[in-house]
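The next block holds one structure in the form of structure tokens; read it before the comments.
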Amino acid sequence: MKITRKITYLFLVFAIVSIAATNSIPSIFPPTQKQGLKKIVIDAGHGGSDYGASGKYSHEKDVSLSVALLLEAEIKKEIPDVEVYMTRTTDIYDHVRVKADKANAAKGDLFISIHCNSSRGTTRRVFKGYKTVKVKKGKKTVSKKVAQYEYYTTPSIAKGTETYIWGIDKNEDKFNALKENDPLYADSSMMMEQKSLDDPEQIAAISLRMQQYTERSRNLAYAVQDEFTKVGRVNRDAKQRAVGIWVLQAVAMPAILVELGFISNPDEEDYLNSAAGQKELSESIARAVKQYKKNIETKMSINNR
């Protein structure tokens, strides 16, 4: 039964993509998005008992919250017509499912999760000489030289920013999130006409919306990385997130996850904890969001002509 559902899902997605590619989407399908960018959900990663990655003196949960709060303020200043919803504003822990539920209940149009990266240092060994020890050899006790080594770990030198969207292998999860939360996003004027979520037309509309959200998420991810590059950050590219943060495919909206830098690298940790670094990072993300909003509105304006 599960295999049959998966085959049906894949067939529908293939059919919808094919229809979209021919620019002949049937008029029976509702618009893929009823509005532009009206509300942004900002998620500060980890929190409370979940420290996330740690450096020599700081934790991911604290850096992500500081930058998330600065990003909230920057968006309110630069894009005042956009509402901001925060999944947390204090040092509390919520399970990722709770965070996704919060975001969906808030009816966000965009989800941005803020995190820090981490990488293991390199373990090395240094020969320190020999130590003479006594060992049994048959009935005799003999002396033996044993090499002595000292082991130490050098800090990680990994640095730079990465921005993720959900992996293509998580498309079915994303589809299900859109399907389950579709009633939340329905216009009140359309509630009486709402079709069953198993109706082929409704499934097709949701598939189209997922395709649009994938494109929007990818465009924003690249825009964020471009803005980071402009201020001198090492660009580790925009990527698909195959493992790790579950919320990207669980929220019914375009979604990205931003890795601000490597807290495991001492130089990066200092930058991530500095007022100047946090300001630079939050402003870079806000500029990318501002451009993202402009691009959406331009495209919607062209489509409405």
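Here residue 70 passes the criteria (1) hydrophobic (A, V, I, L, M, F, W, C); (2) touching a strand residue (DSSP E or B) at 6+ places or on another chain (Cβ under 7 Å); (3) outside any strand (DSSP E or B) except the one numbered (2).
Residues are listed down the side, and each one gets a yes or a no for (1) among the hydrophobic types (A, V, I, L, M, F, W, C); (2) closer than 22 Å to residue 58 by Cα:
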position	(1), (2)
217	no, no
225	no, no
245	yes, yes
255	yes, no
262	yes, yes
267	no, yes
271	no, yes
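Rundown of residues vs (1) modelled with pLDDT of 95 or more; (2) closer than 30 Å to residue 265 by Cα; (3) part of a loop (DSSP other than H, G, I, E, B); (4) not assigned by TED's automatic domain parsing to the domain that holds residue 256, yes/no style:
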residue	(1), (2), (3), (4)
15	no, no, no, yes
20	no, no, no, yes
34	no, no, yes, yes
112	yes, yes, no, no
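Take the conditions modelled with pLDDT under 95, assigned by TED's automatic domain parsing to the domain that holds residue 293 and assigned to a helix (DSSP H, G or I) and apply them to residue 5. Does it pass? No. What's the total number of residues in the range 162-203 that are modelled with pLDDT of 80 or more and either under 11 Å from residue 252 (Cα atoms) or in contact with a Gly (Cβ under 6 Å, 6 or more places away or on another chain) (or both)? Of the residues in that region, 9 qualify. Only residues that are in a loop (DSSP other than H, G, I, E, B) and of a type outside the set (A, V, I, L, M, F, W, C) were counted across the range 73-109, and they come to 13. Scanning the range 97-136 for residues that are hydrophobic (A, V, I, L, M, F, W, C), without any contact (Cβ under 8 Å) to a residue 24 or more places away in the chain and closer than 28 Å to residue 41 by Cα turns up just one, 98. You will find that of 101, 81, the residue that is charged (D, E, K, R), closer than 19 Å to residue 245 by Cα and within 37 Å of the chain's Cα centre (by Cα) is 101 and no other. Do we find that residue 53 is out of contact with any Leu (no Cβ under 8 Å at 6 or more places or on another chain), farther than 17 Å from residue 112 by Cα, surrounded by 17 or more Cβ atoms within 10 Å (Cβ to Cβ) and in contact (Cβ under 8 Å) with a residue 24 or more places away in the chain in this structure? In short, yes. In the range 137-156, the condition of being closer than 30 Å to residue 245 by Cα and assigned to a strand (DSSP E or B) is met by at least one residue. Residues in the range 118-141 that are surrounded by 10 or more Cβ atoms within 10 Å (Cβ to Cβ) and within 30 Å of residue 58 (Cβ to Cβ): 118, 119, 120, 121, 122, 124.
Results for (1) in the same structural domain as residue 286 (by TED's automatic domain parsing); (2) closer than 12 Å to residue 162 by Cβ; (3) in a helix (DSSP H, G or I); (4) over 13 Å from the mean Cα position of the chain (by Cα), shown as yes or no for each residue.
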residue	(1), (2), (3), (4)
215	yes, no, yes, yes
218	yes, no, yes, no
223	yes, no, yes, yes
227	yes, no, yes, yes
232	yes, no, no, yes
236	yes, yes, no, yes
239	yes, yes, no, no
258	yes, yes, no, no
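The values are calculated or read from the model by the stated rules, or taken from the named source; none is laboratory data. Computed from a predicted structure; not experimentally measured. For neighbour counting, all protein chains shown are included, and Cβ atoms are generated from backbone atoms with ideal geometry for every residue, glycine included.
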